[in-house]
Amino acid sequence: MVLMISKDKIPAFLDSLIGRGFRVLAPVRTKDGTSFRMIEGGGEANLDYVNTVYPPKKFFIPDGETLFEYDMKKGGVKKTLKRERRAIFGIRPCDVHGLLVLDKVFNDKFRDPYYNRKRKDTLIIAVNCSEAGKNCFCQSMGTDKLSGGYDLLLSDAGNCYVVEGWSKRGKKILGNFFEKKSGKPRLKKLRNRRKFDSRDIEKRILNVFESKRWEKVAENCLSCGACTVACPTCYCFSVRDEPSFDEESGERKRDWSFCMFLEFSRVAGDVIFRRDRTERCKQFVFHKLSYFKEEHGRQLCVGCGRCVDICPTGIDFFMETERLVKKADKKVKGK
Ligand code: SF4
Ligand code: SF4
């Protein structure tokens, strides 16, 4: 027996979630492609999409988030952490892996209450991909499949979705939109056109750290940061106080911050330790493919391909890395 929902019932299912007090985030068609938005009705959701232009990370670590308010006259700090019932529908496996990466980051030496509150309050209704974008290489990174991190997982079976597994709270929201059926439905299979040789990449890439090719690549980089905005696992931030005119109250905020920017490495004494654009590009690539794995035991890159899709000058760090690493592998073998 399998559990199924007909595709034409999805809008009504989403309406029922809204009716039950969930804020529902779903993929919506915009002039630039498909993006996650808060919807007011199930009919707004677009189910016919490959991937969203931007990942859903802004709903878990919003740019400019107020961490707390302070008021010296009233005696201190007012926490702004709020509970909210949310459901995100249509999130792809690579982006769920992106959240699993963020779970590690925000529960490392310090447990971040802001991220974890949002994560706990959000039901994850993932939808497996049946079609890959031209730059997707999730199958090479092992992030095309899920074995956890979701409440419901839907798979495309033509005119319906099959629900393969669910959490306790996922079960609670099923309602009568889902039916039990016998037989084995044929699921649409995903095939990445693009491949990336990720075997031991965290070690192999270290052999090309000194390559002059990175300088050539960085010549085309505008330091615009678009790749980092579009990346589901770029999580760096800075913190600032925004005082009011009364000079006694204000807010502490957290802003996104990106290693591709010159300002990112400005420290006390006005020292910028990654002034060179080549160094910044290398930091992006080596953090994604080597340093993070060394520290946390898994790759930071989930193979969504968005950084390649979005780069205005067509930089493809993964093609560059693969070429360099393959050459270096041959040299190592030849020794
Ligand atoms: S999107 Fe391209 S140009 Fe912009 S910072 Fe990233 S690599 Fe550089
Ligand atoms: S580095 Fe590029 S391909 Fe990898 S997760 Fe980030 S945006 Fe996706």
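The values are calculated or read from the model by the stated rules, or taken from the named source; none is laboratory data. The shown structure was predicted, so the numbers you read here are calculated from the model rather than taken from an experiment. FYI the Cβ positions are ideal-geometry reconstructions off the backbone, even for glycines, and counts take in every protein chain you see.
Residues of the stretch 180-198 being modelled with pLDDT of 85 or more and small (Gly, Ala, Ser), which ones?
Scanning the stretch 180-198 gives Ser182, Ser198.
Can you pull out the residues in the stretch 150-173 that are surrounded by 15 or more Cβ atoms within 10 Å (Cβ to Cβ) and either among the aromatic types (Phe, Trp, Tyr) or farther than 29 Å from Val302 by Cα (or both)?
Tyr150, Tyr161, Trp166
Quick test for you: out of Arg23, Arg86, Arg29, pick the one residue that is touching a Leu at 6+ places or on another chain (Cβ under 8 Å) and at pLDDT 95 or above.
After applying the criteria, what remains is Arg86.
Confirm whether Thr313 is modelled with pLDDT of 95 or more, closer than 23 Å to Ser223 by Cβ, in contact with an Asp or Glu (Cβ under 6 Å, 6 or more places away or on another chain) and surrounded by fewer than 19 Cβ atoms within 10 Å (Cβ to Cβ).
Considered against the rule, which asks whether it is modelled with pLDDT of 95 or more, closer than 23 Å to Ser223 by Cβ, in contact with an Asp or Glu (Cβ under 6 Å, 6 or more places away or on another chain) and surrounded by fewer than 19 Cβ atoms within 10 Å (Cβ to Cβ), Thr313 comes out as no.
Among the listed residues Gly149, Gly175, Gly183, Gly158, identify the single one that is at positive phi and within 16 Å of ligand 2 (Cβ to nearest atom).
On inspection, the qualifying residue turns out to be Gly149.
Restricting to the stretch 32-41, what's the tally of residues that are farther than 16 Å from Ile91 by Cα and at pLDDT 95 or above?
Taking the stretch 32-41 first, the residues farther than 16 Å from Ile91 by Cα are 32, 40-41.
Filter again for at pLDDT 95 or above, leaving 40-41.
Residues flagged as farther than 16 Å from Ile91 by Cα and at pLDDT 95 or above within the stretch 32-41 amount to 2.
List the pairs whose first member sits in the stretch 271-289 and is touching a residue at least 24 places away in the same chain (Cβ under 8 Å), whose second member is within 16 Å of ligand 2 (Cβ to nearest atom) and of a type in the set (Ser, Thr, Tyr), and whose Cβ atoms are under 9 Å apart, counting only residues at least 6 apart or on separate chains?
Listed pairs, sorted by first residue: Gln283/Tyr291; Phe284/Thr228; Val285/Thr321; Lys288/Thr233; Leu289/Ser198; Leu289/Thr321.
Would you please name the residue that is surrounded by the fewest Cβ atoms within 10 Å (Cβ to Cβ), looking only at residues in the stretch 19-61 that are of a type in the set (Ser, Thr, Tyr) and more than 16 Å from Ala87 (Cα to Cα)?
For the stretch 19-61, the residue satisfying everything is Thr30.
For the stretch 15-45, how many residues are free of Cβ contacts under 8 Å to residues at least 60 places away in the same chain and in a strand (DSSP E or B)?
10
Please state which one of Ser249, Ser290 is touching a strand residue (DSSP E or B) at 6+ places or on another chain (Cβ under 6 Å), more than 15 Å from ligand 1 (Cβ to nearest atom) and hydroxyl-bearing (Ser, Thr, Tyr).
Going through Ser249, Ser290 in turn, the sole match is Ser249.
Does any residue of the stretch 89-107 turn out to be part of a loop (DSSP other than H, G, I, E, B), more than 16 Å from ligand 2 (Cβ to nearest atom) and surrounded by fewer than 17 Cβ atoms within 10 Å (Cβ to Cβ)?
The answer is no; no qualifying residue exists.
I'd like to check something: does the stretch 261-277 contain any residue that is under 29 Å from Gly33 (Cα atoms), within 16 Å of ligand 2 (Cβ to nearest atom), surrounded by 15 or more Cβ atoms within 10 Å (Cβ to Cβ) and not assigned by TED's automatic domain parsing to the domain that holds Lys73?
The answer is no; no qualifying residue exists.
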